[in-house]
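Worksheet: the structure to be examined is printed underneath.
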Amino acid sequence: MIEQIEAVQRMQDYIREHLFEEITPAQLAKAALFSPWHAHRLFTQYLKVTPADYIRRLRLSTSVLWLRDGEPPCRVADVAFACGFSSVDGYQRAFRREFGCNPSEYLAKPAPLYLFTPYGVKFQERKEKTEMEPLKQVFLQVIAKPERKVIMKRGRNAAEYFSYCEEVGCEVWGLLQSIKSISGEPVCLWLPQRYRTPGTSEYVQGVEVPRDYDGEIPEGFDAVDFPAAEYLMFQGEPFEEENYSLAIEEVWEAIKKYDPTVIGYAWDRENPRIQLEPLGTRGYIELMPIRGLSPGEKK
C-alpha cells in the first residue's frame, strides 16, 4: 500500500510541476513507475477522480485566481490558452460547468467560488510520533494584524480540523481560497467565546479581508469584525507531507512550553488563535494572540 500511495503522490507532484504543459498518460505512468493502465487505476482509486478530470479542475481553479488578481486585468482568451485549453470556447464551457458562470462574468465581478483544492495523497497517512525525528527548531516572530473582517463558516461542535471537515465538509477551503485575503491565504481559527454564537463550534475556517469589505458573503457564512492585535508566530521546520500531524504536534508542544513574559507579553485570551494550512515546504505555522504586560504583571 505504501508503494501505491507513493506512486499516486509522484503523479500529483508531476501534475503540479507541469500543470500548464501537455500531460499524457504515458508521462504519468513514468512518474508513477507503473503501467499506464495501473497508474490510472491507482490514481482514481486513491483520489476519487480521474487524472484528466483532476488536471482540468486544477487548471480551471488556477485560472480563477489569475482572473481575480491579474494586473492589469487579464483577457479571458489569454488565460484560456495559458491554462492549457486549446480554444476559448472550450475553456468557457468548462468554466461554466465547474463554477456555474462564464469567465467573463467572473472577471467583471469576482464572487466566491468553490475551487478544486486537492491535497497530496500522503496526507491520508498519519504516522505515529515515534516515526518522526524530534523537531530541531521552532522559529518565533511577533507580527501585527490590522483591524479586519473574517468571513467564516461555523461548525457545530468542532475543536479541530478533522471534526470540522466531518461537520462542514472539506470543500469550504476551496471557496475561501477564491476570496482575496489581506494575509494571502485562508486561515483556521479557534474562536474565544465572545465570537461564538450559540450552538456553533470553537474551530472555524475563514478568510481575512479588509474591515470595509463590501463584497459578496457566501450563503451560510458570517462576516465578523476583529480588532487590531499582535500575534506570536510559531513556525516549525519543513517536513514531509505524510508527517504533517507530527509537525503540528511538535509546534503545539513548543507553544505549551513557551512563556511569553520573557519578551514582555502575556497570552491574549480575547483574540482568536490562528492556524495556517500545513505546508511541508515552509513548516507548520500557528499564531498565538499576545498582549503587552500590565504594570502588575511585569516582574
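Read-outs: derived from the displayed coordinates by stated rules, not from any lab. In this text the structure is predicted, and so the values were computed from the model without any measurement. Glycine gets a Cβ as well: all are built from the backbone with ideal geometry, and neighbour counts include every protein chain shown.
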Worksheet item: Can you work out the FRET efficiency for the pair residue 21 and residue 52, with r the C-beta to C-beta distance and R0 = 22 Å, to the nearest 0.05?
Response: 0.90
Worksheet, complete the sentence: Those trypsin sites (Lys or Arg not before Pro) from segment 46-121 that are DSSP loop and have at most 10 other Cβ neighbours within 10 Å turn out to be 48
Response to the item:
Connecting every pair of Cα atoms under 10 Å apart in the chain and solving the GNM, the largest mean-square fluctuation among 274, 285, 263 falls on 263
Response to the item:
With only helices counted (DSSP H, runs n ≥ 4, each -39500 (n - 2.57)), the per-residue ellipticity at 222 nm for the chain, to the nearest 500, works out to -11000 deg cm²/dmol
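Please report, in cubic angstrom per residue, the volume enclosed by the convex hull of the alpha-carbon atoms of segment 1-154.
197
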Practice prompt. Using Cα Rg over 2.2 N^0.38 Å as the read-out, say which of (i) 0.95; (ii) 1.06; (iii) 1.11 was calculated from these coordinates.
Written response: (iii)
Worksheet, complete the sentence: With Rh as the Kirkwood radius over Cα pairs, segment 1-54 has Rg/Rh of 0.91
Fill in: Cα long-axis angle, helix 244-257 against the chain (0 to 90 degrees, to the nearest 10)
10
Worksheet, complete the sentence: Rounded to the nearest 10 degrees, the helix 88-99 long axis (Cα) sits at an angle to the longest Cα principal axis of the chain of 50
Discussion item. If you wrap a convex hull around the alpha carbons of segment 243-297, what volume per residue comes out, as a whole number of Å³?
Written reply: 85
Worksheet entry | Eligible aspartates and glutamates near residue 257 by straight Cα distance, threshold 14 Å, same-chain separation 8 or greater | 249
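With all pairs of different alpha carbon atoms counted, what Kirkwood hydrodynamic radius in Å does segment 130-292 show? Write out the running numbers ahead of the final one.
Details: mean 1/r = 0.0605 Å⁻¹.
Kirkwood hydrodynamic radius for segment 130-292: 16.5 Å.
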